[in-house]
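Chemist: Can you read through this structure? Questions will come right after.
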Amino acid sequence: MNVILLGPPGAGKGTQAKRLEKRHNLIQLSTGDMLRAAVASGSELGKKAKSLMDAGHLVPDDLMISLIADRIDQPDCADGFILDGFPRTTAQAEALDEMLAEKGMKLHSVIEMKVEDEILVDRITGRYTCANCGAGYHDSFQRPKVAGVCDACGGTEFKRRADDTAETVRTRLATYHAQTAPILPYYQGKGILKAVDGMAGIDQVTDQIERVLGAA
Ligand code: ADP
Ligand code: ADP
Ligand code: ZN
C-alpha cells in the first residue's frame, strides 16, 4: 500500500505517518526530514535548501523529484510507503506518477488532512521533537508523560525547528495554499482522494485514517 498524507504545515502528517508506519509496516518518506538531514550533513543539496527552508519557500522541483526518485528506488520501499511532505506542487505530483508507473507501482490513497490556518499557527509554534529518536511533541497538545523525558526512548534532549516561528508559518501557509492545495483536484480526478478532519484529537484522526484506508 502506497499512501500520501497531504496537508498544510502542522496538519499532523508526521504524527500520523509514524503511527501508520508501525501499524501497517510501511516506510515513512518525509521530504522535510530528508532535507533537514541534508542541511545537517552540509551536502550540496543541503546548502541549496537551507535558506529556502528557513524563509518558508519550497525547494525547486527538480531537486525534490530526484531526491524522492532515489529514495523510492531503495528496496525497503517495495512493500509500501507513506509520503509525508511530497508532492507539494503539480509538477511533483506528475513526476511521482511517472516514477511509479515505470516501476509498476501505484497510489492506494491520498489522504487530505484538513485544518484551519489559525490552529496551524499554534500547532507549529508549539512543536518540538526528541533529539535522540525524533518522536514528536507539542507544548500543549502532546506532552511527554513525564515532563522533560521522551516517552519513546527516555531521552532528555529536545529540539525545535529553525523554521517553526510565527513569522515563517505565515509564508509556509501562503505557499501551501498557492502551490500545494492545487494538487487536490488532480487526485480527486483520479478518484483516490480521501479527506479527514485534522482538527480532531490525535487518536481520532488516526481512527479516521484507518477507516478511509480500509474502505478503499
Ligand atoms: P506536519 O508533519 O503536518 O507538519 P506534525 O505531525 O509535526 O505536523 O504536527 C504538528 C504539531 O501538532 C506537533 O507538535 C504535534 O504534536 C501536534 N499535533 C499533531 N496532530 C495533532 C492533533 N490532531 N491535535 C493536536 N495537536 C496535534
Ligand atoms: P511541515 O512539517 O511544516 O509540513 P516539512 O518538514 O514537510 O514541513 O518541510 C519543511 C520545508 O522543507 C518546507 O517548508 C520546504 O522548504 C521544504 N520541503 C519539504 N518538502 C518539500 C517538497 N516536496 N518540495 C519543496 N520543498 C519541500
Ligand atoms: Zn525519544
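Chemist: Rounded to the nearest percent, how much of the accessible area of the stretch 87-216 (1.4 Å probe, protein heavy atoms only) is carbon and sulfur?
Modeler: C and S fraction of accessible area: 50 percent.
Chemist: For the chain, what is the relative contact order in percent, using Cα pairs closer than 8 Å and at least 6 residues apart in sequence?
Modeler: Taking the mean separation of contacting Cα pairs over the length of the chain, I get 29 percent.
Chemist: Just to be sure I understand the model, the point goes 7 Å from the Cα along the line to the Cβ. What's the resulting residue 145 to residue 57 distance in nm?
Modeler: 4.5
Chemist: Under unit Cβ charges (Lys, Arg +1; Asp, Glu -1), what dipole magnitude, rounded to 20 debye, does the chain have relative to its Cα centre?
Modeler: The dipole magnitude comes to about 340 debye.
Chemist: Expressed as cubic angstrom per residue, what is the convex hull volume of the alpha carbon set of the stretch 18-105?
Modeler: 103
Chemist: Also, I was wondering about something else. Just subtract the alpha-carbon distance of residue 203 and residue 153 from 0.36 nm times their residue separation and send over the number in nm, one decimal.
Modeler: Once the chain is fully extended between residue 203 and residue 153, it gains 15.9 nm.
Chemist: Taking 35 Å as R0, compute the FRET efficiency from the Cβ-Cβ separation of residue 171 and residue 101 and round it to 0.05.
Modeler: So, using R0 = 35 Å, E works out to roughly 0.55.
Chemist: Could you give the size of the charge dipole of the stretch 9-53 about its Cα centre, using +1 on the Cβ of each K and R and -1 on the Cβ of each D and E, expressed in debye and rounded to the nearest 20?
Modeler: So the dipole magnitude of the stretch 9-53 works out to roughly 140 debye.
Chemist: Set Lys and Arg Cβ to +1 and Asp and Glu Cβ to -1, take the dipole of the stretch 1-107 about its Cα centre, and tell me which of 11, 32, 96 lies farthest positive.
Modeler: So the residue we want is 11.
Chemist: Oh, and also: Keeping all protein chains in place, calculate the accessible area per residue for the stretch 119-189 (probe 1.4 angstrom), answer in Å².
Modeler: Value for the stretch 119-189: 55 Å² per residue.
The values are calculated or read from the model by the stated rules, or taken from the named source; none is laboratory data. Small disclaimer: the values here were computed from a predicted structure and weren't measured. Positions of Cβ are backbone-derived with ideal geometry, glycine not excepted, and every protein chain shown enters the neighbour counts. Just the protein is used for accessible areas: all its heavy atoms, side chains included, with ligands, DNA and RNA removed. Shrake-Rupley method; radii C 1.70, N 1.55, O 1.52, S 1.80 Å.
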